[in-house]
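Visitor: Just dropping this structure here.
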Amino acid sequence: MRWPIRPPTCSASTACWPDAAVAEALPDLQRGLAPILDTEVRVLVLGSFPGEASLAAQQYYAHPRNQFWPLMGALLDLPLPAMSYAARVRALLDRHIGVWDVLGACVREGSLDSAIRHPQANDFDLLHRRAPGLRRVGFNGGTAGRFAKDFARAGFETVVLPSSSPAHAARSFEQKLVLWRALLPD
């Protein structure tokens, strides 16, 4: 596998993670959430960057209208939306599924991906170390999906999924669920 995977705005000679100078120059820089990963993860869902509700709660997909937890619950035949966050995380990890974002930091007002400025990629080397058995990566929405080719070149199976965000209501829950089924291996 080829590591590290870099976002389109980064190069081998450009640091992608915010160092002290970047953080000082960008006082509004927001940092993302820690990954939900362990050594048994085989499937990873990558979003773009946590929304305001998720950052405030320090929980992935915390906005009440985000369809991530209902979609995953339907895929796994579990009542994930009714469970505590800790139980949801444990249920995913028990099924070898991890969650993270392609961006580790950015400047953004609101929760829309279109408002992201100064994106800083997550350290994808961490995936190699913390989830050595990772095989499939699902990208939650088009912004995250921009990384799919890089992950495919690194040897991962990839699938770009319709966004679970409430801002993307072009597809019904049922239509999204059909497409999200590609996330889990048979």
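Visitor: Within the stretch 51-62, work out how many residues are outside any helix (DSSP H, G or I) and over 17 Å from residue 140 (Cβ atoms).
Guide: First, the residues of the stretch 51-62 that are outside any helix (DSSP H, G or I): 51, 58-62.
Add one more test, that the residue is over 17 Å from residue 140 (Cβ atoms), and what stays is 58.
Here the count works out to 1.
Visitor: Next question, about the same structure. Are any residues in the stretch 144-186 in a helix (DSSP H, G or I), surrounded by fewer than 14 Cβ atoms within 10 Å (Cβ to Cβ) and of a type in the set (Asp, Glu), and if so, which ones?
Guide: Of everything in the stretch 144-186, just one residue is in a helix (DSSP H, G or I), surrounded by fewer than 14 Cβ atoms within 10 Å (Cβ to Cβ) and of a type in the set (Asp, Glu), namely 174.
Visitor: Now for a separate question. On the given criteria, is residue 39 surrounded by fewer than 23 Cβ atoms within 10 Å (Cβ to Cβ), more than 23 Å from residue 180 (Cβ to Cβ) and of a type in the set (Ser, Thr, Tyr)?
Guide: Numbers: surrounded by fewer than 23 Cβ atoms within 10 Å (Cβ to Cβ): yes; more than 23 Å from residue 180 (Cβ to Cβ): yes; of a type in the set (Ser, Thr, Tyr): yes.
Taking the combined requirement at face value, the residue satisfies it.
Visitor: Oh, and also: With the structure loaded, tell me whether residue 31 is at pLDDT 95 or above and either of a type in the set (D, E, K, R) or surrounded by fewer than 19 Cβ atoms within 10 Å (Cβ to Cβ) (or both) or whether it fails that test. Can you show your working first?
Guide: Details: at pLDDT 95 or above: no; either of a type in the set (D, E, K, R) or surrounded by fewer than 19 Cβ atoms within 10 Å (Cβ to Cβ) (or both): yes.
Against the criterion (at pLDDT 95 or above and either of a type in the set (D, E, K, R) or surrounded by fewer than 19 Cβ atoms within 10 Å (Cβ to Cβ) (or both)), residue 31 does not qualify.
Visitor: Moving on. Does residue 65 satisfy the criteria of being of a type in the set (Lys, Arg) and outside any helix (DSSP H, G or I)? Show your work before the answer.
Guide: Values: of a type in the set (Lys, Arg): yes; outside any helix (DSSP H, G or I): yes.
So residue 65 passes the test.
Visitor: Which residue out of 67, 120 is more than 18 Å from residue 32 (Cβ to Cβ) and surrounded by 21 or more Cβ atoms within 10 Å (Cβ to Cβ)? Reasoning before the result, please.
Guide: Values: 120 fails: more than 18 Å from residue 32 (Cβ to Cβ).
That would be 67, the only listed residue that is more than 18 Å from residue 32 (Cβ to Cβ) and surrounded by 21 or more Cβ atoms within 10 Å (Cβ to Cβ).
Visitor: Related question: State whether the residues of the stretch 166-174 include one that is within 13 Å of residue 51 (Cα to Cα) and among the hydroxyl-bearing types (Ser, Thr, Tyr). Spell out the reasoning first.
Guide: To start, the set of residues in the stretch 166-174 that are within 13 Å of residue 51 (Cα to Cα) comprises 166-167.
In the following step, the residues that additionally are among the hydroxyl-bearing types (Ser, Thr, Tyr) were identified as none.
Checked against the condition, which is being within 13 Å of residue 51 (Cα to Cα) and among the hydroxyl-bearing types (Ser, Thr, Tyr), the stretch 166-174 yields no hits at all.
The values are calculated or read from the model by the stated rules, or taken from the named source; none is laboratory data. Keep in mind the model is a prediction, meaning the values are calculated, not measured. Don't worry about glycine lacking a Cβ; one is built from the backbone with ideal geometry, like all the others, and counts go over all protein chains shown.
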